[in-house]
Amino acid sequence: MTSKQARSIETNQIDIHNDLTKLVARHQEMQFAKPIASHTQKAFDRVLSFLDGWQADVIIDACCGVGESTLKIANKFPNAKVIGIDKSIARLDKHASYAELNKSHYKEQSTIISNNNYILVQADLIDFWRLLNSTLNNVENAPKWQVTQQFILYPNPYPKKAQIGKRWYASAIFPYLLNVCPTLELRSNWKLYLQECLIAANHYGLNGDISEIQINKLGKDSFSLNGLDEAFTPFERKYLESGQTCFKLVIRPEGVDK
Ligand SMILES: C[S@@+](CC[C@H](N)C(=O)[O-])C[C@H]1O[C@@H](n2cnc3c(N)ncnc32)[C@H](O)[C@@H]1O
């Protein structure tokens, strides 16, 4: 399949799922019993070493895939440390070639690329968010850094009706994810995914806005640097090139600046 032929969402769900609010409410009280997988514990320990001594902002790029977005976020926020997390080693292993591609673009534009403010780790996000949550809530030994933003760009949509429990906002990890940091940007080519996530966020007293990803006349979305590349991630590129519309949901608790 070439990038121009990316399939659009195929779903048997045309409206907000009937079980959504029930599921979200049920998960608010749930505790995990399953032990943390050892590979995620190791990845988390690497992240803690990376953040050792750090006393400022940390940004999470969840489901980072090849980490192209992680690199772009790290460049946009040079005073923060950015953590890209994905469970697929096959995707993470492709990071170097994406980084090289971006680097040569940036060089042409004489833009400084920061190499030392991000890290990519292979981990299961369910366990990773649990670990982050307990680290941040450790009153006796709280870290000096704080998570100020999270990105989830093009998560697997699980579009079949029966798969609702696998979508991040309808799964048991959602309260942990929000507790780590409720300032969240979620992108998808399935608007219903974002609409449902917003309803789930409303359940926790959070609000947000859904908008279309706008590519302006120079071919750049507001997130891109110097108009070098209109797409934020490979999946976004694939969808845009095939003529699909992509959307973003931005959840920002009251009082947090744009
Ligand atoms: C559709 S891809 C999007 C990748 C990237 N954000 C992009 O836009 O190009 C979804 C990614 O989520 C990752 N993923 C799914 N479930 C995960 C989990 N439980 N923990 C970590 N990564 C996960 C997959 O490995 C995959 O790379």
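Our analysis of the chain gives Rg over Rh at 0.95, with the two radii drawn from alpha carbon positions and Rh computed by the Kirkwood formula.
Extension gain, residue 137 to residue 93: 0.36 nm times the residue separation minus the Cα-Cα distance gives 12.6 nm.
Could you work out the relative contact order of the chain, using alpha carbon pairs under 8 angstrom and six or more residues apart, expressed as a whole percent?
Computed value for the chain: 25 percent relative contact order.
Highest mean packing first, where packing is the average number of other Cβ atoms within 10 Å per residue, the peptides 155-167, 24-36, 241-253 line up as 241-253, 155-167, 24-36. When peptides 141-152, 87-98 are ranked by their average number of other Cβ atoms within 10 Å per residue, the highest-first order is 141-152, 87-98. Measuring between alpha carbons in the structure, the pairs from 22/42; 144/166; 72/161; 42/72; 144/248 lying more than 27 angstrom apart are 22/42; 144/166; 72/161; 144/248. By other beta-carbon atoms within 10 Å, ranking 86, 209 with the fewest at the front produces 209, 86.
Every number here is computed from the coordinates shown, using simple stated rules; none is lab data. This one's a predicted model, so the numbers in the text were calculated from it and none came from an experiment. Glycine gets a Cβ as well: all are built from the backbone with ideal geometry, and neighbour counts include every protein chain shown.
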